[in-house]
Amino acid sequence: MKAIVTGGAGFIGSHLVDSLLDENFAVTVLDNFSTGRVENLEHVWEQVEIVECDLGVQGDWIRHFDNVDWVIHLAALADIVPSIQQPEAYFKANVEGTFNVLQAAKTAGVKRFIYIASSSCYGIPDNYPTSEDAEIRPQYPYALAKRIGEELVMHWTQVYDFPALSLRFFNVYGPRQDPSSPYSGVISLFAQWAKQGKAPTVFGDGLQTRDFIFVSDVVKANLLAADFQTSEPAPVVNIGTGQQTNLLELWELICGAACTEVGEPHFEEVRPGDVRHSVASTQKAKS
């Protein structure tokens, strides 16, 4: 079996590459290394084919789709505030890039295409936990671009009988998550500040909640989904835990007894586009 992982040098993608290798797949990684890191793949450097390329532009990378069984499309620009500042870059990467990968996969006749979508498509939902049939309300360019990419994939399943499905990830955390960016996952940032003995910066009152899911769980979800046969023409599935944790609770969990020494968090104004609460309905994933 042969698999392509776009964005395979990233935090989640590199863990997925590890698991595919464990399953004896031949793996090709397509990545432009704008956010992915070489060190995420150093331990498997000789076991994978790594192609540095821009998926937003059709090019020689398309030939690598020949005889591929699975394509898992993770490559994307992420984060809220940068997308507000650079909407064109997000559209090119997340919409045009998805279109190009879709076309390459369809032409090559891949057996399964997994699109990694985002729970941000729900915006500020009416109900928690939020199910897959909730109204789509993207609040900012990142969420909109990821949603358009998902619509492309779902449309291809209907028009071309393309074997695809979409997984809407909630807040993923774990090893290799880069804390160097101010827009990185909050768990990696909190862990770094706790190690340094620094009080965290919290945007808002800290009572906003997230559905945090460990990276190995989303990797398992990908592998199960890719191997799962369903009569549903365009399945979309939430990938989360169904549990809410607010940021103040999270800080106490990470910091532990040292919290009193570090001091209280610094509170700042809520950033534009930040969602107050987020939690997945996991009934469909479980069933």
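Partner aspartates and glutamates whose Cα lies under 12 Å from the Cα of Lys92, excluding those fewer than 8 positions away in the same chain, are identified as Asp54. Atom-type composition of the exposed protein surface of region 83-221 places 52 percent of the accessible area on carbon and sulfur (1.4 angstrom probe). Surface analysis of region 83-143 yields an accessible area of 45 Å² per residue, using protein heavy atoms and a 1.4 Å probe.
Backbone amide hydrogens, once placed in the peptide plane, bring Gly123 within less than 5 Å of Arg137, Gln139, excluding anything fewer than 5 places away on its chain. Note on Ser180 and Val262: the extension gain reaches 27.5 nm, defined as 0.36 nm multiplied by sequence separation minus the Cα-Cα distance. Look at the alpha carbon pairs under 8 Å that are at least 6 residues apart: their mean separation over the length of the chain gives a relative contact order of 18 percent. A cut-off under 12 angstrom between Cβ atoms defines the neighbours of Ser14, and their net charge, with Lys, Arg +1 and Asp, Glu -1, is -3. Database remark: amide H of Thr201 closer than 5 angstrom to the amide H of His266 (H placed geometrically; neighbours at sequence offset of 5 or more, or on other chains; Pro and chain starts carry no H). When all protein chains stay in place and ligands, DNA and RNA are ignored, the 1.4 Å accessible-area order of His73, His43, His277, largest first, is His43, His277, His73.
Summing Lys and Arg as +1 and Asp and Glu as -1 over all other residues whose Cβ lies under 12 Å from the Cβ of Gln86 gives a net charge of -1.
Highest mean packing first, where packing is the average number of other Cβ atoms within 10 Å per residue, the peptides 76-88, 249-261 line up as 76-88, 249-261.
Of all DSSP bridge pairs formed entirely within the chain, close to 5 percent run antiparallel. Treating each Cα of region 1-121 as one equal point scatterer and applying the Debye formula with no solvent, the log10 of I(q)/I(0) at q = 0.09, 0.16, 0.23 Å⁻¹ comes out as -0.22, -0.72, -1.42. May I ask for the angle, rounded to the nearest 10°, between helix 215-226 and the longest principal axis of the chain, with both axes built from Cα atoms and the value confined to 0 to 90°? That works out to roughly 30 degrees.
Summing Cβ point charges (Lys, Arg +1; Asp, Glu -1) relative to the Cα centre of the chain gives a dipole of roughly 300 debye. Dividing the mean sequence gap of close Cα pairs (under 8 Å, 6+ apart) by how many residues region 70-173 holds gives a relative contact order of 35 percent. Structure remark: mean-square fluctuation, Gaussian network model of the chain, C-alpha springs under 10 Å; the largest value among Thr209, Thr230, Thr98 belongs to Thr230.
The values are calculated or read from the model by the stated rules, or taken from the named source; none is laboratory data. For clarity, every value in this text was computed on a predicted model and none was experimentally measured. As a convention, Cβ positions derive from the backbone with ideal geometry for all residues, glycine included, and neighbour counts pool all protein chains shown. Side chains are part of the model used for accessible areas, which takes the heavy atoms of the whole protein and leaves out ligands, DNA and RNA. Shrake-Rupley method; radii C 1.70, N 1.55, O 1.52, S 1.80 Å.
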